[in-house]
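The values are calculated or read from the model by the stated rules, or taken from the named source; none is laboratory data. Please read these numbers as outputs of a predicted model, since none were measured by experiment. Cβ: placed from backbone, ideal geometry, glycine included. Neighbour counts: every protein chain shown. Accessible surface areas use protein heavy atoms only, side chains included; no ligands, DNA or RNA. Shrake-Rupley method; radii C 1.70, N 1.55, O 1.52, S 1.80 Å.
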Amino acid sequence: MARPSTDRIAGALRSPVTFSVLAGLVIGALFLVGTGADPFAAYGAVVTGSLGADGIGATLSTGTSVLGMALALAIPLRAGLINLGGDGQMVLGGIAAAVTGLYSPLPAPLTVVLALLAGITAGAAYAALAALCENRFGVPLLVSSLLLSYPATSFASYLVRYPLKEPGSSLPQTRRLPDGVALPAFGTSTVTFGLVLVVLAAAAYWFADRRTAIGYEIRMTGLNPRFAAYAGVERKGLTLRLMATSGALAGLVGAIGVLSFPYRFLDGSLTAPGYTWTGLTAALLAAAAPLGTVLASFFFAVLQVGGLSMERTTEVPRELTQVLQAIVIVFLAARLSFPRRRRKTAQEPIAQGEFA
């Protein structure tokens with residue numbers, strides 16, 4: 001009876017993900033030793049600074065944005081599609097939510113809902129534009145999504161620096177949202193109801209991935225696009241739907257950022273923390289699997305928040321946590337490529353024997 005669970009644990013320990021994370025931590029420890037720092041003290045500061053009583057709130061707040069962007073990028077990635085326009089879609093969602101929150105005549109609770117819907121719609125529409133560029137004009141999605149991100153961020157920057165700029169402020173920011181136009185917070189922390197929305201999105205992604213026909217089509221397309229097309233999966237329509245869903249989640253993250261502290265759109269506040277690239281790293285580490293994406297997002301949120309505590313406590317630069325992220329992905333890519341090379345090498349003598 002205990003054998004299946006034991007095999008499952010052993011398989012998890014031998015997985016490329018576990019190997020990559022452990023390898024990253026070991027190499028990070030070697031870097032710390034080389035600089036004269038104590039790796040145990042540094043890693044301890046990361047854990048206590050991110051999961052302790054003073055840091056768990058910041059970790060959950062950061063994790064909300066990281067997980068939201070990881071889900072946004074994991075959904076198309078599950079089908080082999082890469083959306084690099086997360087920044088533009090997130091920023092458009094944020095500026096749409098800010099405009100709605102500032103000028104909506106509805107009561108505050110309805111304005112919050114309307115602002116969230118505006119952010120979701122703006123992100124979905126802009127991501128769908130990248131899909132249309134591939135479907136209609138043959139522009140690769142990787143290129144179209146990335147290049148469309150720049151005019152979106154520039155447009156939002158223009159709006160917040162000129163027509164929407166707060167009068168008398170030296171910062172490129174909008175006016176503060178009216179009283180009550182904000183997501184409810186948990187107690188006195190900075191964690192808002194946005195975390196619940198993102199967790200619900202993760203649950204919906206898991207259900208669709210494991211329990212629906214569209215989830216099976218997405219996984220099949222990611223594993224073998226040619227077979228999926230032969231089985232009747234319409235690639236262009238699937239690309240459009242997945243990109244719209246991806247952009248909707250990115251726009252939701254932008255709207256959550258505006259409807260949380262400081263309750264305004266501040267130029268660069270959504271893109272500077274690097275939520276898009278951290279989310280993409282988490283999605284890659286988890287191979288876009290729903291549960292793995294959640295765990296990887298939390299892991300990277302811990303690193304991001306704990307790095308600040310590590311810098312204050314041990315004087316080790318917080319950039320080390322970014323180095324750890326890069327090392328994890330490099331080892332993961334290397335570990336996944338080696339088995340394929342071994343299989344290819346092993347098949348070559350067989351093939352040669354067959355045609356001899």
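Quick one: count up the residues across the range 210-233 that are in a loop (DSSP other than H, G, I, E, B) and of a type in the set (A, V, I, L, M, F, W, C).
Residues meeting the conditions: 2.
Could you look through the range 20-35, keep only residues that are within 22 Å of the chain's Cα centre (by Cα) and open to solvent by 40 Å² or more (accessible area, probe 1.4 Å), and pick out the one that is farthest from A301 (Cα to Cα)?
Here is the first cut: in the range 20-35, the ones within 22 Å of the chain's Cα centre (by Cα) are 20-22, 24-25.
Narrowing the set further to residues that are open to solvent by 40 Å² or more (accessible area, probe 1.4 Å) leaves 22, 25.
Details: L22: 17, L25: 16 Å.
In this case the residue turns out to be L22.
Identify the single condition in (1) within 23 Å of the chain's Cα centre (by Cα); (2) β-branched (V, I, T); (3) open to solvent by 40 Å² or more (accessible area, probe 1.4 Å) that V198 does not satisfy, given that it satisfies every other one.
Here V198 clears every test but (3).
In the range 74-107, what count of residues is obtained for those that are closer than 25 Å to P290 by Cβ and polar (S, T, N, Q)?
Residues flagged as closer than 25 Å to P290 by Cβ and polar (S, T, N, Q) within the range 74-107 amount to 2.
Based on this model, can you work out whether R241 counts as in contact with a Leu (Cβ under 8 Å, 6 or more places away or on another chain) and either in a helix (DSSP H, G or I) or among the charged types (D, E, K, R) (or both)?
Numbers: in contact with a Leu (Cβ under 8 Å, 6 or more places away or on another chain): no; either in a helix (DSSP H, G or I) or among the charged types (D, E, K, R) (or both): yes.
No, not satisfied.
Give the residues of the range 48-86 that are of a type outside the set (D, E, K, R), assigned to a loop (DSSP other than H, G, I, E, B) and free of Cβ contacts under 8 Å to residues at least 12 places away in the same chain, sorted by residue number.
G52, A53
Applying the selection to the range 159-184, what residues are more than 12 Å from L266 (Cα to Cα), touching a strand residue (DSSP E or B) at 6+ places or on another chain (Cβ under 9 Å) and open to solvent by 50 Å² or more (accessible area, probe 1.4 Å)?
P184
Condition first: open to solvent by 30 Å² or more (accessible area, probe 1.4 Å) and in contact (Cβ under 8 Å) with a residue 24 or more places away in the chain. Now tell me which residues in the range 294-305 satisfy that.
V294, F298, F299, Q304, listed by residue number.
Kindly list, by first and then second residue, each pair from a residue in the range 311-340 that is more than 12 Å from V46 (Cα to Cα) to a residue that is of a type in the set (K, R) and at pLDDT below 85, limited to pairs with Cβ atoms under 6 Å and residues at least 6 apart or on different chains.
none
In the range 100-123, how many are small (G, A, S) and open to solvent by 20 Å² or more (accessible area, probe 1.4 Å)? Explain how you work it out, then say what you get.
Pass one, the range 100-123, residues small (G, A, S): 101, 104, 108, 115, 118-119, 122-123.
With open to solvent by 20 Å² or more (accessible area, probe 1.4 Å) added as a condition, the list becomes 104, 108, 118, 122.
Count: 4.
Specify which of the listed residues (L291, L308) is open to solvent by 20 Å² or more (accessible area, probe 1.4 Å) and either at pLDDT 90 or above or among the basic types (K, R) (or both).
From the options L291, L308, the qualifying one is L291.
Return the residue satisfying two criteria in turn: it lies in the range 36-90 and is buried (at least 19 other Cβ atoms within 10 Å of the Cβ) and among the charged types (D, E, K, R), and of such residues it is farthest from F265 (Cα to Cα).
R78
May I ask you to verify whether I95 is among the aliphatic types (A, V, I, L, M) and within 16 Å of T271 (Cβ to Cβ)?
Yes: the conditions hold for I95.
Would you confirm whether any residue within the range 91-99 is open to solvent by 30 Å² or more (accessible area, probe 1.4 Å), among the aliphatic types (A, V, I, L, M) and in a helix (DSSP H, G or I)? Lay out the reasoning, then the answer.
At the first step, the residues of the range 91-99 found to be open to solvent by 30 Å² or more (accessible area, probe 1.4 Å) are 99.
Keeping just the survivors that are among the aliphatic types (A, V, I, L, M) gives 99.
Filter again for in a helix (DSSP H, G or I), leaving 99.
Looking for residues that are open to solvent by 30 Å² or more (accessible area, probe 1.4 Å), among the aliphatic types (A, V, I, L, M) and in a helix (DSSP H, G or I), one finds at least one in the range 91-99, hence yes.
Residue by residue, here is whether (1) within 30 Å of G222 (Cβ to Cβ); (2) of a type in the set (D, E, K, R) holds:
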| residue | (1), (2) |
| --- | --- |
| G44 | no, no |
| D54 | no, yes |
| P76 | yes, no |
| A79 | yes, no |
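Would you mind stating whether V196 is within 25 Å of A98 (Cα to Cα) and free of Cβ contacts under 8 Å to residues at least 60 places away in the same chain?
When the stated conditions are applied, V196 passes them.
Name the residues in the range 87-103 that are in contact with a helix residue (DSSP H, G or I) (Cβ under 7 Å, 6 or more places away or on another chain) and either free of Cβ contacts under 8 Å to residues at least 40 places away in the same chain or charged (D, E, K, R) (or both), would you?
Selection gives D87, T100.
Return only the number of the condition from (1) part of a loop (DSSP other than H, G, I, E, B); (2) at pLDDT 95 or above; (3) not charged (D, E, K, R) that L197 does not satisfy.
Going through the list (1) part of a loop (DSSP other than H, G, I, E, B); (2) at pLDDT 95 or above; (3) not charged (D, E, K, R), L197 breaks only (1).
So if I check each of T18, T111, T6, which one is assigned to a helix (DSSP H, G or I) and at pLDDT 90 or above?
The conditions single out T111.
Which of the residues that make up the range 242-268 are open to solvent by 40 Å² or more (accessible area, probe 1.4 Å) and closer than 13 Å to S61 by Cβ?
F261, P262
Just the residues that are of a type in the set (A, V, I, L, M) and in contact with a helix residue (DSSP H, G or I) (Cβ under 7 Å, 6 or more places away or on another chain), please, taken from the range 198-208.
Once the filter is applied, which keeps residues that are of a type in the set (A, V, I, L, M) and in contact with a helix residue (DSSP H, G or I) (Cβ under 7 Å, 6 or more places away or on another chain), the range 198-208 yields V198, A201, A202, A208.
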